[in-house]
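Here is the structure we will look at.
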Amino acid sequence: MKVGIVGSTGLVGQQFIRLLSRHPYFEISELVASEESANKPYEDAVENKIRRIPEKVRKKSVSAIDDELDCRVIFSALPSKVAREAERDLVERGHIVLTNASAHRMESHVPLVIPEVNPDHIGLIEELDREDGEGFIVANPNCSVIQLAIALKPIHEKFGIKKIDVVTLQALSGAGYDGVGALEAADNVIPYIPNEEEKIKEEIPKLFGELNGGEINREKFRISSSCNRVNISDGHLENVSIELEEETSTSEVKKALEEFRGLPQDLPSSPETPIKFSEEKDRPQPRVDLGGDTPMSVHVGRLREDNILDYKFIVLGHNTIRGAAGASILNAELLYSKGLVQDQKVVSG
Ligand code: NAP
């Protein structure tokens, strides 16, 4: 199936290209970026940014977003401000948009999905009142939310979670190419990321909510979040404390985390285990644990009792793969496996 990538020259766009250039279902037919990049060969459009370009897209001409796009499915890595109108427009032109941007995530008719956490929420699509030839949007959550939700899922399922307190240490790549200046980042920690704490508080209850016809009844958690930008390239690390509804033990929580398997677990981008649990006292670490061949797994470690809430632990995930491009591709695979992206005409351009 032909697919396009809008925002293809950015950090997330480049991960899409890398992951899709060897994908069993999807073939890149369109690379889209801003007017400044349009009509240039991809390698020229990313001249000052890129580290690795797969050979088959090197000379491919970059399209503008208003061009006729030869694909039904579009992966979006647009900045949110641009995505608000641009993604709606793509939907009206018949495209199915798998988006990383936050612009439409909290709209009641937009499924916000992590296949291991709430695959049933794609059911919202069936309830949409769509015009003939219109597409739809499926969003993946914010990068720090995805890894947190995956770690919380088996614990909430088994013991019920009442309160969540999370402190994040987020990589520079999470802010995109123009996000944090070199002088701001060097030898520094920035204890503020615009809108990030709010996204955690809003998106987690939607993800764990119950699908009820055409809407999601949000789960009732009490959530406190503090977000920090730290001077590493890739990987968000989170200190998480939780209060549970049921009494249990550290070994039972550990068992739930280790035994967790997502549904479905057999899509091309599904990790073998959604959670990799570490026993070592100083793991997980971004440099040590994210370099391997399991970028779609979330790493959990340092599970222990907490004096204020019940338990605390560390979660680590790769923000541009598990937290962005890989997450959208997994959502597209889920839709594909349910027959939701095939056989419909595109009215583009
Ligand atoms: P980025 O590096 O700044 O890339 C932005 C991309 O959007 C570039 O390809 C840029 O093209 C394109 N663009 C900008 N304005 C445009 C316009 N008017 N029309 C068409 N294309 C336009 O950002 P990023 O980090 O990849 O993030 C992309 C999205 O994913 C954001 O919404 C972000 O919040 C979200 N996200 C990012 C991460 C992460 O870890 N970075 C994780 C989860 C979600 P030009 O090169 O031509 O300017």
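The values are calculated or read from the model by the stated rules, or taken from the named source; none is laboratory data. Please read these numbers as outputs of a predicted model, since none were measured by experiment. Counting neighbours? That spans all protein chains shown, and the Cβs are built from the backbone with ideal geometry, glycine included. Note: areas computed on protein heavy atoms with side chains; ligands, DNA, RNA excluded. Shrake-Rupley method; radii C 1.70, N 1.55, O 1.52, S 1.80 Å.
Here are some notes:
- Test: residue in segment 153-166 that is within 15 Å of the ligand (Cβ to nearest atom), at pLDDT 95 or above, open to solvent by 10 Å² or more (accessible area, probe 1.4 Å) and not aliphatic (A, V, I, L, M): no
- Taken together, the residues in segment 230-241 that are more than 18 Å from the chain's Cα centre (by Cα), part of a strand (DSSP E or B) and either more than 22 Å from I321 (Cβ to Cβ) or not β-branched (V, I, T) (or both) amount to 2.
- No other residue among L172, L148 is within 11 Å of the ligand (Cβ to nearest atom) and open to solvent by less than 50 Å² (accessible area, probe 1.4 Å) apart from L172.
- Residue selected from segment 252-310 under the condition in a loop (DSSP other than H, G, I, E, B) and of a type in the set (S, T, Y), by the criterion least open to solvent (accessible area, probe 1.4 Å): S297
- Matching residues, segment 58-91, being over 16 Å from E27 (Cβ atoms), open to solvent by less than 10 Å² (accessible area, probe 1.4 Å) and touching a helix residue (DSSP H, G or I) at 6+ places or on another chain (Cβ under 8 Å): V62, S76
- For first residues located in segment 120-143 and on the phi > 0 side of the Ramachandran plot, partners that are within 16 Å of the ligand (Cβ to nearest atom) and not aromatic (F, W, Y) and lie 6+ apart or on another chain with Cβ distances below 9 Å form the pairs G133/R93.
- In segment 279-319, the qualifying residues are those that are closer than 25 Å to P141 by Cα and polar (S, T, N, Q), and the one that is nearest to the chain's Cα centre (by Cα) is N319.
- The number of residues in segment 20-45 that are open to solvent by less than 40 Å² (accessible area, probe 1.4 Å) and more than 8 Å from the ligand (Cβ to nearest atom) comes to 9.
- Selection count, segment 125-145, where residues are away from the ligand (no atom under 16 Å from the Cβ) and within 14 Å of P115 (Cα to Cα): 0
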